[in-house]
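Q: Starting off with a structure, shown below.
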Amino acid sequence: MINKNFLNEASLLQLSEEVFSTVINDERKLNSVENLLTEKIKEAETINFILADGLGYENLMSLETSLKDNIKKIINTTFPSSTNVALTTFAMMSHPIDHGIIGYYMYDKSNFGLINALNWNSENELLLNNDHFKNQESIWKKFKLFNTHVANFQPENLVGSSLSNFLYEKSSTVPYKTIENLIEMLSEASFLENRFNFIYYPNVDIAGHIFGVYSAEWELEIKKFEEAVEKISQASNKKTTTIISADHGLCNIPVENRHTLSYENSIQIYGDQRSVYINGTRGEVEKVFSNIPGELISRSDLKHILKEPGNSYIETLYPDYCFLLEQNHIIYPKHLQAELKGYHGGLTEEELKIPIIEIHNF
C-alpha cells in the first residue's frame, strides 16, 4: 500500500512554491523540474487561487462539469490527506514534517498530550507559541516583504481561529459570509488591484462529510461552486487567471467497515482515522489492530511518506507507528465517535489525487 516514491512526486507543496514564484515574477524561486502551471499564467495581471476543500480529482471526474475541461495537471496532496496539514503546507511552502502540523490529531510527548490540530483548544494552542512555529515565515509574510498586494478570503467563522492566526497575516485576511458576498467583494475596486487573492472554500467538503461523496447534496454543492468560479474568473476587466485545487478527495465508508478500537492508556492512538498514528510497543499495537484491515507501517517505512524529523522538537510529535486502513475502512479511537458519511486522511487515489484547474479571462 505504501508508495515509497511519494515524496518525489508532484504535490501541493510544489504547487504552492510555483504559485508564489509566479505571483512575485521570480522564476529563480522554482526548485522543480516540471512546471505545474501553464505559460499563459505569466500574462495574468491578477491571480486568484481557490482551494476547494474536498474537491478530489477522482471525485470530480465522476460528474458532468465544465471544471473538468480546464484540468491541467493531477498531483498529490499531503500525507496525511487532511485539511490542516494541506493548508499549512501551502501557507508555509514546506513539508509537514518541517512545518510541524502532521495530522488532524497530534500527540505532544513533552507537554500537551493529545491535540486537535484543526480545532485547537485554549490549553493546547500554546503549542503554537513554541519557537519552532513562531519562527516560520508564511507566504503572506513573504508577500509583505515583496510589497505585493494580496488578500486572503476566509469564511468568517474561521477568521481568528488558532490555525487561521498561525497560517495567515491578519492584515491581509478578509472574512466572507456567503459565496455571493465573496463574489461581490472580489468585484470591488479595492480588491481588483490585487496581484493575488487566496480563497478558501469549504462547502464541497462539508457536503461530502455529511451526505457522502456522489450524493445529490454533494453534486449540488459542486454545481454551486462551478457557477461561483465562473463569476469569480470574470469579475475583473484585468487579465485574470483563476487556479483551483484542493486539499484532498473523500471516500464513503460503509457502516459495516467502521471499527471502534479498544485499548489501554499505555498506548496512544491519534492522527487521522484512515492514517492512524500510534505510540506504544509493537506487541500492544499489533494486538489492538489485529482484526483491522490495513497495513502497519514502522518508522523506517514511514519516512518514505512523512520524512524523518529534522530536529528534537519534531521528534516529540513523531509517532512510533502508522496504520494505513484499507480502502473504505475507518477506525474510531476513544476521542472520536462522530458518525459521518465521507472521510479522508488516507493514501488511496480517491483521497490523494487533486486537480490543478486553470481558467483565464483573456
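The values are calculated or read from the model by the stated rules, or taken from the named source; none is laboratory data. All figures in this text were calculated on a predicted structure; none of them were measured in a lab. No Cβ is skipped: glycine too gets one built from the backbone with ideal geometry, and neighbour counts run over all protein chains shown. Just the protein is used for accessible areas: all its heavy atoms, side chains included, with ligands, DNA and RNA removed. Shrake-Rupley method; radii C 1.70, N 1.55, O 1.52, S 1.80 Å.
Q: Residue check, residue 140 against (1) over 23 Å from the mean Cα position of the chain (by Cα); (2) closer than 18 Å to residue 22 by Cβ, all met but one. Which one?
A: All conditions are met except number (1).
Q: Residues of region 211-236 being hydrophobic (A, V, I, L, M, F, W, C) and either closer than 17 Å to residue 66 by Cβ or open to solvent by less than 90 Å² (accessible area, probe 1.4 Å) (or both), which ones?
A: 213, 216, 218, 220, 222, 225, 228, 229, 232, 235
Q: Of the residues 176, 214, which is within 28 Å of residue 126 (Cα to Cα) and out of contact with any His (no Cβ under 7 Å at 6 or more places or on another chain)?
A: Of 176, 214, the one residue that is within 28 Å of residue 126 (Cα to Cα) and out of contact with any His (no Cβ under 7 Å at 6 or more places or on another chain) is 176.
Q: Could you tell me which numbered condition residue 125 fails, if it satisfies all but one of (1) farther than 30 Å from residue 359 by Cβ; (2) at pLDDT 95 or above; (3) open to solvent by 30 Å² or more (accessible area, probe 1.4 Å); (4) of a type in the set (D, E, K, R)?
A: (2)
Q: Give just the number: which of (1) under 15 Å from the mean Cα position of the chain (by Cα); (2) open to solvent by 10 Å² or more (accessible area, probe 1.4 Å) does residue 103 not satisfy?
A: (2)
Q: Restricting the first residue to region 131-158 and requiring it to be within 27 Å of residue 311 (Cα to Cα), which pairs with a second residue that is of a type in the set (Gly, Ala, Ser) and assigned to a helix (DSSP H, G or I) meet a Cβ separation below 8 Å and a spacing of at least six or different chains?
A: 138/91; 139/16; 139/91; 140/91; 140/172
Q: Right, here's the next one. Assess whether residue 84 counts as being touching a residue at least 40 places away in the same chain (Cβ under 8 Å), open to solvent by less than 50 Å² (accessible area, probe 1.4 Å) and under 15 Å from the mean Cα position of the chain (by Cα).
A: Yes: the conditions hold for residue 84.
Q: While we're looking at this one, here's another question. Can you report the number of residues in region 329-349 which are closer than 24 Å to residue 228 by Cβ and outside any strand (DSSP E or B)?
A: Of the residues in region 329-349, 2 are closer than 24 Å to residue 228 by Cβ and outside any strand (DSSP E or B).
Q: Next question, about the same structure. Any residue at all in region 171-180 that is touching a Ser or Thr at 6+ places or on another chain (Cβ under 9 Å) and over 30 Å from residue 350 (Cβ atoms)?
A: For region 171-180, residues touching a Ser or Thr at 6+ places or on another chain (Cβ under 9 Å) and over 30 Å from residue 350 (Cβ atoms): present.
Q: Moving to a separate point now. Filtering region 246-264 down to residues that are of a type in the set (A, V, I, L, M) and crowded, with 21+ Cβ neighbours inside 10 Å, which residue is farthest from the chain's Cα centre (by Cα)?
A: First, the residues of region 246-264 that are of a type in the set (A, V, I, L, M): 246, 250, 253, 255, 261.
Okay, now just the ones that are also crowded, with 21+ Cβ neighbours inside 10 Å, so 246, 250, 253.
Numbers: 246: 7, 250: 12, 253: 20 Å.
By that ranking, first place goes to 253.
Q: Anything in region 31-76 that is open to solvent by 60 Å² or more (accessible area, probe 1.4 Å), in a helix (DSSP H, G or I) and over 15 Å from residue 353 (Cβ atoms)? List them, or say none.
A: 39, 40, 42, 43, 69
Q: Tell me which residues, restricted to region 163-180, are open to solvent by 40 Å² or more (accessible area, probe 1.4 Å) and either in a helix (DSSP H, G or I) or small (Gly, Ala, Ser) (or both).
A: Hits for region 163-180 are 165, 170, 171, 180.
Q: Among the residues of region 263-295, write down those that are β-branched (Val, Ile, Thr) and more than 20 Å from residue 77 (Cβ to Cβ).
A: 267, 269, 278, 281, 285, 288, 292
Q: Shifting gears a bit: For residue 196, which of the numbered conditions (1) closer than 30 Å to residue 270 by Cβ; (2) buried (at least 20 other Cβ atoms within 10 Å of the Cβ) fails to hold?
A: (1)
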